[in-house]
Amino acid sequence: MRFHRSALAALATMALAAGATTALASPASAAPNTTPQKVCGNAYKTVNSAPIGSLGTVYLTYNPTNGKNCVTTIRNTPGTATDVAAWIYVPDTDAYDQDYGTYTSYAGPTYIYGKGHCVDWGGQIHNVYTQITGSNCASLKEQRTTTIH
């Protein structure tokens, strides 16, 4: 089955439907308690990131030794569990990985072989979704979309 970019939007919609009743309530003084390297591994270096509104950040990391990318979504203020997701997709190979659940701090890691390929990736915190398509493709310009449902 061929996976299309629109499927990422469908995933986001399904995630919203699954967690529409979850409330976001976290302490204002809390700080992130992890880093992309703690989630993905020390060999993974951050190559791109995108804010998820004011709630956190989704990170794209890369390990040059094994050619894999890793995506993780990290909340700015860990606290009460809420819907959090991280996903990555390689259109050329139709490879996909995701992590979606109700978490207090972060979602991920999601791993995929991406050496020499453009990647689509994104994350969700509560009802805010950020999706990046055509990313890390040398001279091609990526597209970023943030939606609130």
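Of the peptides 141-148, 99-106, the ranking by mean beta-carbon count within 10 Å, highest at the top, reads 99-106, 141-148.
Counted by Cβ distance under 13 Å from P64, the other residues give a net charge of +3, where Lys and Arg count +1 and Asp and Glu count -1.
Normalised per residue, the accessible area of the range 62-109 is 36 Å², obtained with a 1.4 Å probe and no contribution from ligands, DNA or RNA.
The values are calculated or read from the model by the stated rules, or taken from the named source; none is laboratory data. Small disclaimer: the values here were computed from a predicted structure and weren't measured. FYI the Cβ positions are ideal-geometry reconstructions off the backbone, even for glycines, and counts take in every protein chain you see. What goes into the accessible areas is simple: the full protein's heavy atoms, side chains included, and nothing from ligands, DNA or RNA. Shrake-Rupley method; radii C 1.70, N 1.55, O 1.52, S 1.80 Å.
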